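Engineer: One structure, pasted below without further comment.
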Amino acid sequence: MTATSLRETSAADSGRETFASLNPATGDVVGTYPVTSAEEVDAALDRATAAATWWAGLGFDGRKDVMKRWKGVITRRMNQLAEVVHAETGKPHGDALLEIGLAIDHIAWASGHAKKVLGKQKVSSGMLMVNQSASVSYQPLGVVGVIGPWNYPVFTPMGSIAYALAAGNAVVFKPSEYTPGVGKWLVDSFAEVAGDHPVLQLITGFGPTGGALAGSPKVDKVAFTGSTATGKKVMAAAAENLTPVVIEAGGKDAMIVDADADLPAAVDAALWGAMGNAGQTCTGMERVYVHEKVYDEFVSQIVEAAREIRPGNDADAHYGPATMPSQLAVISDHVDDAIARGGRAVVGSADCVGERYVQPTILVDVPEDSRAITDETFGPTLVVNKVASMDEAVARTNATRYGLGASVFAKKSGSVIAQQIRSGMVSVNAVIAFAGIPALPFGGVGDSGFGRIHGPDGLKEFTYAHAVTNQRFKSALPLTSFKRTEKHEKTFTQMLTMLHGGKALDD
Ligand code: NAD
């Protein structure tokens with residue numbers, strides 16, 4: 001039974017359409033939420049516009065103060081929030097705590113650095129405009145619509161919410177239909193510290209609710225995290241009003257293992273990167289390219305280690321069920337396709353996909369044009385293929401329409417290999433380390449999207465640059481005046497030649 005099948009009209013709420021959020025491990029109803037209509041989205045945006053003025057008026061220090069209190073509330077109640085995440089996604093409590101902890105760190109960084117990154121800064125006015133002083137500041141856009149996925153329902157949307165708020169915007173947040181309870185928890189906790197101002201509001205529902213948000217002329221930017229296919233729809237809706245978007249979409253991240261790598265460390269990272277969160281991580285490991293000199297040893301170690309990993313809903317389980325039941329068919333298709341084309345399952349089998357859980361599955365010798373290599377699987381499966389050189393590993397890693405993250409395990413050439421990978425982020429001798437460093441930008445290229453959350457880029461993403469000049473004294477060269485003469489133009493030409501003419505080739 002999917003959440004969609006529990007869509008119903010509640011008589012108690014005068015014909016209001018509602019939907020249920022389900023526990024993916026048990027099928028139990030975790031909560032019931034309204035399907036926010038287009039009219040209600042519009043009203044939320046009107047409230048947000050008013051709240052944005054108040055929020056921007058607080059200034060960097062005022063906002064930092066509110067966000068500090070918010071971060072305190074979330075930190076003190078981490079376990080409570082982790083239980084909601086566990087109930088709605090099925091991920092282990094410890095994994096939920098990890099994503100909440102990282103999100104808290106991002107709130108701290110965004111609010112703590114907004115003034116320095118976005119506040120007014122003087123810039124050089126240059127030789128030609130020496131009579132002017134020049135400065136730039138980064139102004140809030142107004143209202144940001146955040147549309148989130150379910151796989152990291154706290155960490156992922158927080159990369160947009162915290163940075164948009166710290167930059168001075170109000171936010172209207174539509175969490176995934178699979179995790180509305182997590183979204184509500186976050187919005188309610190912010191309301192506790194923001195008084196009566198609806199600076200962060202919740203809307204719940206399915207695609208059409210997100211579509212109403214993305215397509216509204218009242219939203220000043222849309223921050224979308226989800227699949228590439230939906231990202232295109234969001235962009236099309238936003239294009240109607242020339243609303244800018246940041247798209248954080250899917251990935252097909254690879255790990256490269258060189259001949260001199262610390263193999264036990266690489267095996268540990270590959271396994272966790274692939275199977276953690278049931279493989280439902282946008283920057284999770286889906287492919288590994290191992291140097292032929294250490295390939296057999298790598299495979300033998302990862303097979304051994306994978307035998308210890310198991311899914312379940314108990315406290316000792318390493319990962320939970322597939323949160324979105326429809327993904328099970330995709331995972332099954334990728335494994336079947338890989339095996340049909342000559343790949344071999346060295347851990348798991350074609351029967352790895354159950355009714356709710358997917359058993360750890362490691363495939364080898366998988367042809368590079370099979371779906372397990374070309375498309376996002378989003379399950380606890382991993383392809384481990386052999387390469388003859390690091391050049392080949394880089395070429396295969398880059399032969400994808402995605403470009404989100406990557407990982408390299410190597411002693412000597414780690415940084416050199418990392419520089420050659422076409423992706424938004426790379427971790428050397430670690431996996432997904434970049435996500436936990438708030439000062440680093442997070443985002444992708446190609447089908448993984450564009451724009452950045454996190455770090456200074458993430459703050460600027462939710463602003464517009466505001467440039468101001470201030471004339472300090474009258475210029476001897478009145479260039480922007482009808483009083484300009486031929487003599488002025490001659491002096492101007494001489495100055496330009498001196499500054500930029502360089503040496504002619506025939507001199
Ligand atoms: P999804 O695209 O199905 O849904 C994402 C959100 O978009 C949901 O809130 C959904 O209700 C909403 N939506 C659906 N149709 C819409 C429409 N027409 N207009 C506006 N909104 C609409 O994605 P998902 O299954 O929730 O998430 C999994 C995907 O997210 C994976 O591809 C994963 O790689 C990606 N992801 C990317 C990142 C990243 O930072 N790059 C992070 C996490 C997840």
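Engineer: Using a 1.4 Å probe, how large is the accessible area of M255, given in Å² and rounded to the nearest 10?
Structural biologist: For M255, the solvent-accessible surface is approximately 0 Å².
Engineer: Give me the accessible area of W272, 1.4 Å probe, in Å² rounded to the nearest 10.
Structural biologist: Surface accessible to solvent at W272 totals approximately 120 Å².
Engineer: Among the listed pairs K68/K116; K174/K233; K184/K218; K293/K411; K122/K460; K71/K184, which have their C-alpha atoms separated by more than 19 angstrom in this model? Can you show the working numbers first?
Structural biologist: Values: K68/K116 17 Å; K174/K233 15 Å; K184/K218 22 Å; K293/K411 15 Å; K122/K460 17 Å; K71/K184 16 Å.
K184/K218, as the Cα separations exceed 19 Å there.
Engineer: Cut-off 16 Å, label point 7 angstrom out along Cα-to-Cβ of H500: give me the residues of the range 123-143 whose amide nitrogen falls inside.
Structural biologist: Inside the label zone: 125-130.
Engineer: If I compute solvent accessible area with a 1.4 Å probe over the protein chains, what percent of it on the chain is carbon and sulfur?
Structural biologist: Numbers: 11960 of 21910 Å².
Carbon plus sulfur share of accessible area: 55 percent.
Engineer: Considering only DSSP beta bridges with both partners in the chain, what is the antiparallel share in %, to the nearest 5?
Structural biologist: Details: 27 of 63 bridges.
If we restrict to bridges inside the chain, about 45 percent are antiparallel.
Engineer: What is the helix-to-structure angle for 59-76, meaning the angle in degrees between its Cα long axis and the longest Cα principal axis of the chain, kept from 0 to 90 and rounded to the nearest 10?
Structural biologist: 10 degrees
Engineer: Kirkwood hydrodynamic radius, computed over distinct alpha-carbon pairs, for the range 278-388: how many Å, to one decimal?
Structural biologist: Numbers: mean 1/r = 0.0711 Å⁻¹.
Evaluated over the range 278-388, this radius sits at 14.1 Å.
Engineer: With a 1.4 Å probe and all protein chains kept in place, how do H291, H318 rank by accessible area, largest first? Please list the in-between numbers first.
Structural biologist: Working: H291 20, H318 85 Å².
Largest accessible area first, the list is H318, H291.
Engineer: I'm checking a number: the convex hull volume of the Cα atoms of the chain, normalised per residue, in Å³. What is it? Spell out each step's value before the answer.
Structural biologist: On the way: hull volume 95.1 nm³, N = 507.
Per-residue hull volume (Cα only) is 188 Å³.
Engineer: What are the extents of the Cα atoms of the range 166-264 along their three principal axes, in Å, largest first?
Structural biologist: Projected onto the principal axes, the Cα atoms of the range 166-264 cover 59, 35, 28 Å.
Engineer: Now a separate question. About its Cα centre, how strong a charge dipole does the chain have in debye, to the nearest 20, once Lys and Arg get +1 and Asp and Glu get -1 at the Cβ? Can you show the working numbers first?
Structural biologist: Numbers: 45 positive and 54 negative charges, 541 e Å.
Here the size comes out at about 2600 debye.
Engineer: Let me ask you something else. So if I take the centroid of the Cα atoms in the range 47-81 and the same for the range 433-474, what is the distance between those two points in Å?
Structural biologist: 21 Å
Engineer: Round to a whole angstrom and tell me the spacing of the C-alpha centers of the range 311-343 and the range 380-421.
Structural biologist: When both Cα centres are located, 24 Å separates them.
The values are calculated or read from the model by the stated rules, or taken from the named source; none is laboratory data. Bear in mind the structure is a predicted one, so any value in this text is a computation, not a measurement. Glycine also receives a Cβ, built like all others from the backbone with ideal geometry; neighbour counts cover every protein chain displayed. SASA here: full protein model, heavy atoms, side chains in, ligands and nucleic acids out. Shrake-Rupley method; radii C 1.70, N 1.55, O 1.52, S 1.80 Å.
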